[in-house]
Structures are given as structure tokens and as C-alpha cells.
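Everything below concerns the one structure shown next.
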2 protein chains.
Amino acid sequence: MTDQIYTGVDVGGTSIKLGICDRQGNLLHTFEGPTGTDGGPQVVLQNIVTYVRQLVDQSAYSWEQVAGIGIGFPGFMDMKNGIVKFAPNLRWENVPVKDVLEQELRKPVKINNDANIAALGEAWAGAGKGVDDLVMLTLGTGVGGGIITGGKIQEGHNGMAGELGHIQIVPDLEAIKCGCGQKGCVETVSSATGIVKMALDALERGEKTMLSMHEDITAKAVLDAAREGDEVARRIVNRAGYYLGRTMSILALVLNPKRFIIGGGVSKAGDILFDPIREAFAQYTPPSSQEGVDIVPAELGNNAGVVGAAGLHIRG
Amino acid sequence: MTDQIYTGVDVGGTSIKLGICDRQGNLLHTFEGPTGTDGGPQVVLQNIVTYVRQLVDQSAYSWEQVAGIGIGFPGFMDMKNGIVKFAPNLRWENVPVKDVLEQELRKPVKINNDANIAALGEAWAGAGKGVDDLVMLTLGTGVGGGIITGGKIQEGHNGMAGELGHIQIVPDLEAIKCGCGQKGCVETVSSATGIVKMALDALERGEKTMLSMHEDITAKAVLDAAREGDEVARRIVNRAGYYLGRTMSILALVLNPKRFIIGGGVSKAGDILFDPIREAFAQYTPPSSQEGVDIVPAELGNNAGVVGAAGLHIRG
């Protein structure tokens with residue numbers, strides 16, 4: 001085997017996921033190890049070096065076949081120079097990842113943020129395969145966004161494009177504060193955190209719901225209750241879907257993507273969430289901007305990041 | 001002179017503007033003639049052929065130097081195939097402009113919409129010179145939008161990207177109906193039409209304003225009255241600027257442009273409009289998405305379209 005391979009690295013606060021992809025985005029081999037966040041950037045970068053070598057060693061491929069290494073981090077980065085500017089979960093500021101790792105590994109290194117590599121992964125080999133213009137929204141603790149235009153990640157002038165979770169879509173009168181300092185961001189209603197918050201508020205108001213039997217309310221519990229017909233839970237999920245759909249309506253006007261991909265834990269809810277999303281999108285988007293646009297669930301799950309990171313050298 | 005030149009054509013409902021540009025976007029020679037809308041597509045296309053030939057004949061350049069012809073139309077188009085799908089002002093549907101004109105003129109023809117070519121013109125040779133990522137908003141009868149990413153027009157999957165005037169930014173409770181069928185589009189408050197409408201509403205409510213002396217209220221009259229300190233006019237202009245600034249705040253999150261360019265008749269109002277725009281943008285945009293972003297007035301005025309159309313063959 002002498003074909004070129006690409007290694008993708010998805011760095012999270014607790015674990016680092018790695019994978020090998022071929023030129024077509026097929027995931028051939030994977031590896032996972034603890035991040036070592038507490039050790040600071042030096043330890044984490046050393047872990048990446050060790051894991052990348054182990055990943056390739058354990059695989060059927062040789063180090064010579066590695067054409068490039070792509071890495072995704074949670075935070076803000078200077079993609080051009082390969083510097084992680086700020087990563088709150090890792091407690092990093094201005095870490096020159098590319099320089100350090102290229103020195104150690106002697107292979108070209110590219111970095112990007114976690115939401116963008118997930119979008120690229122889905123575009124390359126998942127729910128967006130064959131589609132050049134798409135938007136991915138990842139519903140997890142927050143709402144992550146990644147924009148693919150002409151097959152490539154849209155980064156903006158200093159790497160801040162696709163901060164879709166902070167679009168202020170909830171009207172001021174009923175908006176609550178977001179972690180970003182603003183009010184009414186779509187993340188305050190359509191993320192797991194937002195769904196839990198709405199459930200806790202309903203319980204505090206003394207509303208009658210099966211959620212009152214739970215000790216710890218999770219987004220999954222709310223989504224399950226909604227599926228079982230609980231009125232309060234259903235209203236909450238409708239609200240999460242409604243504002244996400246309205247946000248997508250704005251994105252359709254601005255970007256005119258062919259496809260929206262919804263990923264992340266919350267998206268596993270299925271129709272009970274996708275129905276209100278599609279309804280709001282259909283209602284609030286001018287017909288000419290809806291034409292030919294579809295809304296689909298993500299396909300790669302937790303692997304999207306690793307695949308997209310590997311793809312940075314081909315489509316980044 | 002044997003350098004290549006590019007001809008730009010900006011088709012409006014009443015007149016067609018034409019110009020010759022060099023490779024750097026310098027406007028070297030211009031021409032203008034009536035559109036002849038009432039004659040239908042055949043007459044308008046014949047006029048374009050005649051005008052392009054006259055434009056070049058009257059100039060210091062030869063027909064052989066013409067490397068390409070770019071044309072902007074008001075409406076929706078299939079840029080790839082050069083078809084105007086729908087242009088309400090011209091009453092056109094599915095006109096294969098590129099095929100017809102390439103047959104007649106024997107030169108490569110590219111088409112795009114009026115807001116996009118204005119954005120490209122400013123990016124190439126106007127207020128966006130040297131900037132690769134920018135958004136232009138044109139405040140006229142409506143609010144037109146054009147997005148430039150990596151130096152090129154962002155078209156979207158079927159040519160509908162950049163429909164920025166229809167972002168629904170006014171909360172439902174105080175939103176009014178837009179021509180597009182939706183409610184609360186930024187166009188309903190930040191366009192000339194929106195400004196006039198708000199003034200008429202204020203007069204109808206019997207508010208005390210110097211505008212009551214005018215027979216016909218124009219956007220210019222409202223902007224002038226605001227500059228002279230008229231309270232009602234000032235509130236209207238503040239509202240136009242506020243919602244435009246909030247719309248730009250969303251665009252900064254999605255696209256992270258380096259620069260916003262505000263053009264069109266209304267933008268001539270100057271600081272009285274730009275102040276509330278900048279204030280709302282500063283207040284509602286997360287700091288990381290404001291970093292390095294500037295908001296400037298357009299520079300090319302009515303020539304932006306012609307220059308941008310000429311640029312379609314170099315940067316389109």
C-alpha cells in the first residue's frame with residue numbers, strides 16, 4: 001500500500017480522538033486517549049504527538065504514507081498561522097500548535113475549530129457528501145456552526161465565521177442572557193443547556209409535567225418526555241425547534257446553502273425536533289430561498305470531527 | 001494599446017449604464033441609453049448589443065481588446081448558465097441572456113444580479129479595495145445585499161445568496177408586512193421606502209414634525225429634517241440605523257467579514273445614519289466578532305454596478 005493517507009485529530013476537554021482517512025474520506029482506523037488538559041499545552045501537544053504515532057503504528061499504514069495531519073480544537077484560532085488563540089475548555093491562550101507539531105512530526109499540520117471540522121467531515125463523507133454548499137448546526141452544550149461554501153470551510157477574515165449559536169433570534173422581550181454576554185442567542189433555547197433551562201423554569205413555575213419525577217433534568221429526559229406526549233416537554237422542544245428553524249431561515253437568505261445538517265446529541269430526538277424546525281423554516285423563508293434546500297440529520301456522529309480534521313489538507 | 005479591457009453593463013428598469021474597465025478596475029469610458037423595457041427581452045437585448053458596440057466605438061479602445069462582457073440585472077438568475085430567471089422590474093422570466101448575447105457579440109458573457117455586481121465593484125475598485133471578505137448593503141427602494149468572500153461573489157447553491165434585505169430583524173410585535181410576503185424584514189425599516197412609510201405613519205398619528213410641511217415625503221426629506229434636529233425624523237432615522245446595525249451584527253457572526261460597505265441613496269445621509277448603525281452593531285455583536293471589522297460608506301456611487309459587472313470576468 002503506497003496510497004496517501006490523512007490523519008485527523010479531534011481535541012476535546014477530556015479526550016482526544018484520532019483517525020486515519022483515505023483520499024475519499026473513508027475512516028480506516030481510529031485511536032483515542034485522554035487529553036491531559038491539566039498538564040497545560042505542553043502535555044497536550046506531547047500527547048497528540050504520541051497518539052498520532054500510535055495511531056499509525058497500530059494501523060495497516062506506514063508513516064511515509066501520511067500526507068498531512070489536521071487537528072480540531074474547541075475555541076478560536078488563527079487558522080492561517082496555526083495558532084490556537086483562545087480555548088476556554090483547555091484554558092489555552094495563543095498556543096502555536098502548527099509550529100510545535102510540524103517540528104516534532106515533520107508532516108504538514110493544519111488546524112481549525114471543532115464546529116468547522118464537524119461540518120467538513122459531514123460534507124466530505126457524511127450527510128453532505130456531494131453537496132458543495134451547506135451549513136451544519138451542532139446541538140450540544142451550545143449550538144455550534146460550520147459553513148461549507150464551494151466545498152470548503154468558510155473562515156471569515158479572522159477565523160470567526162460560522163458563530164451561528166450566537167445569532168440573536170429570540171425577541172428581546174422574552175430573551176434570556178447567554179454565556180457570550182448577549183441576550184436571546186439561539187443557543188439559549190436550542191442547545192441541550194437551553195432545553196434543560198426551559199424545563200427547570202417550567203418546574204419552578206409549578207407546571208404539571210412528568211419531568212417533575214426526575215432528580216436531574218437532562219435534555220434527553222425532556223426530549224423523551226416530549227415523545228411520550230408530555231405537554232410541557234413538547235412545548236419546550238417546539239420552542240427549541242422553532243427558533244432553530246427561524247435562524248436557518250436567516251442563514252438561507254444570507255448563504256443560500258443546498259443543505260442544512262443538524263448534528264449533536266439533541267438532534268437524535270428525531271421528528272419531534274425536526275418537525276418544528278422544518279415548519280418554522282418553511283413558514284419564515286421566502287419561497288425562492290427555500291427552493292431545493294433540504295434539512296437532514298448528521299450521519300457521522302462523533303466521528304465527524306476526526307474525518308473533517310483529516311479532510312483539512314484536501315478541502316480545508 | 002493592446003491591453004485587454006472589460007465592459008460592464010448595468011441594466012435598470014429605465015436605463016442601461018455601460019463602462020469600460022482595465023484589469024485594475026479603473027473606469028475608462030462610459031455610455032448610457034434607455035432600457036426599452038416595454039419592448040420586451042428582444043428589444044432590451046438588442047439595445048445591449050447596440051450600446052456595447054457604441055461604447056467601444058466611441059472609446060480609445062478596439063473591439064479586439066474586449067476580453068469579456070459582464071452584465072448585471074435586477075432580479076434572480078442562474079449565473080452558471082447565464083439565464084435571468086425572474087426580473088420583476090423588467091417583467092422577464094427565463095431569458096437566456098448569455099446564449100443570445102454570446103451569439104451576437106462573439107465575446108464571453110457573464111451575468112449576475114445588481115446588488116452583487118455593486119458589491120464586487122466596490123470590492124474591486126472602491127471602498128473595499130484590497131479587502132477580500134466584505135458585505136455590501138445598498139439602501140435604496142429596497143435593501144440590496146452582496147457578499148464577497150475570498151475576493152469573489154458568494155452566489156449560494158442556486159444564486160440566491162445575499163438576499164440580505166429580507167432578514168427578519170424587527171420583532172413580530174412591531175413588524176410590518178414586506179413586499180416579499182414576510183414580516184419585519186430589515187428592508188421595511190432601513191430602505192428609502194421604509195423611511196417614507198415610517199414618516200407617513202408618524203404624520204397620520206398626528207405627531208409634531210417639520211415633515212408635515214412637505215407635500216410629498218421622500219427619504220431625503222426625512223434625513224434632512226433629522227439633520228436639522230426634527231425629533232420625529234431623528235427617531236425614524238435612528239430606527240432605520242438600529243435595525244440595520246442589528247442585521248449586520250448577525251452577518252458578522254455568520255460571515256465574519258473584514259468590512260461592511262453601506263451604499264445607495266439613503267447612505268448619503270452620513271453620520272446621522274452611520275452613528276446609530278455603528279452603535280447598534282457595537283452593542284449587539286460579541287467582541288470577538290467585532291475585532292478588526294469596519295463600517296464604511298460606498299465610494300463608487302452609481303458606477304459601482306458597471307465596474308463590478310466588468311469585474312465578473314476577473315473576479316466573478
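What follows is calculated from the coordinates using simple rules that are stated; it is not laboratory data. Note that this is a predicted model, so its numbers are computed, not measured. Cβ atoms come from the backbone with ideal geometry, glycine included; neighbour counts cover every protein chain shown.
At q = 0.19 Å⁻¹, what is the log10 ratio I(q)/I(0) for the stretch B:131-298, with the Debye formula run over Cα points and no solvent? Treating every Cα as an identical point scatterer, log10 I(q)/I(0) equals -1.20. Measuring nothing but how far apart in sequence close Cα pairs (under 8 Å, 6+ apart) lie, relative to its length, the stretch B:149-254 scores a relative contact order of 22 percent.
DSSP finds beta bridges in the stretch B:131-298, and of those with both partners inside it, around 55 percent are antiparallel. Counts of other chain beta carbons within 10 angstrom of each beta carbon in peptide B:159-165 average 6. Would you mind getting me the FRET efficiency between B:Gln42 and B:Lys183? Use the beta-carbon distance for r and R0 = 30 Å, nearest 0.05. Efficiency for this residue pair is about 0.20.
Once you have a ≥ b ≥ c as the square roots of the Cα gyration tensor eigenvalues for chain A, tell me rounded if a/c is under 1.5, and otherwise prolate or oblate according to whether a/b is larger than b/c. Working shown, then result.
Values: a/c = 1.97, a/b = 1.63, b/c = 1.21.
Note, shape of chain A comes out prolate.
In chain B, helical runs assigned H by DSSP with n ≥ 4 each contribute -39500 (n - 2.57); averaged across all residues and rounded to the nearest 500, the mean residue ellipticity at 222 nm is -12000 deg cm²/dmol. Per-residue shielding of A:283-292, expressed as the average number of other chain Cβ atoms within 10 Å of the residue Cβ, stands at 4.
Can you tell me how the protein assembly as shown classifies by the Cα gyration tensor, rounded, prolate or oblate, using a/c under 1.5 as the rounded cut? Show your work: numbers first, answer last.
Numbers: a/c = 2.04, a/b = 1.32, b/c = 1.55.
Oblate, since a/c reaches 1.5 and b/c is not below a/b.
For the stretch B:74-86, backbone phi angles converted through the Karplus equation (6.51, -1.76, 1.60; θ = phi - 60°) give residue-by-residue couplings of x, x, 9, 9, 9, 5, 4, 9, x, 10, 7, 6, 7 Hz, Gly and Pro being listed as x.
In this label model, A:Glu32 and A:Arg235 are separated by 3.8 nm, measuring between points 7 Å along each Cα→Cβ vector. Bridges between two residues of the protein assembly as shown, per DSSP, are antiparallel at a rate of about 60%. Across chain A, Cα pairs under 8 Å and at least six residues apart give a relative contact order of 21 percent.
Just want to confirm a number: the relative contact order over the stretch B:78-159, from Cα pairs under 8 angstrom separated by 6+ residues, in percent. Can you show the working numbers first?
On the way: 109 pairs, mean separation 17.7, N = 82.
That works out to 22 percent.
The DSSP beta bridges internal to chain B are antiparallel in roughly 60% of cases. Applied to the stretch A:288-294, the Karplus parametrisation 6.51 cos²θ - 1.76 cosθ + 1.60 on θ = phi - 60° returns per-residue 3J(HN,Hα) values of 5, 8, 8, 3, x, 8, 10 Hz, with x for Gly and Pro. Close amide H pairs (under 5 Å, H built 1.01 Å from N) link B:Thr35 with B:Ser15, B:Ile16, residues at least 5 positions away or on another chain.
Listed values for the stretch A:31-46 are Karplus-derived 3J(HN,Hα) couplings in whole Hz (6.51 cos²θ - 1.76 cosθ + 1.60, θ = phi - 60°), namely 7, 8, x, x, 5, x, 3, 4, x, x, x, 4, 5, 4, 5, 5, and x replaces Gly and Pro.
Net charge within 10 Å of B:Asn94 by Cβ-Cβ distance, Lys/Arg positive one each and Asp/Glu negative one each, not counting B:Asn94 itself? Display every interim value, and only then the final one.
Numbers: positive: B:Lys85; negative: B:Asp78, B:Glu93.
My count for the surroundings of B:Asn94 gives -1.
Mean per-residue shielding of peptide B:271-281 is 0, counting Cβ atoms of other chains within 10 Å of each Cβ.
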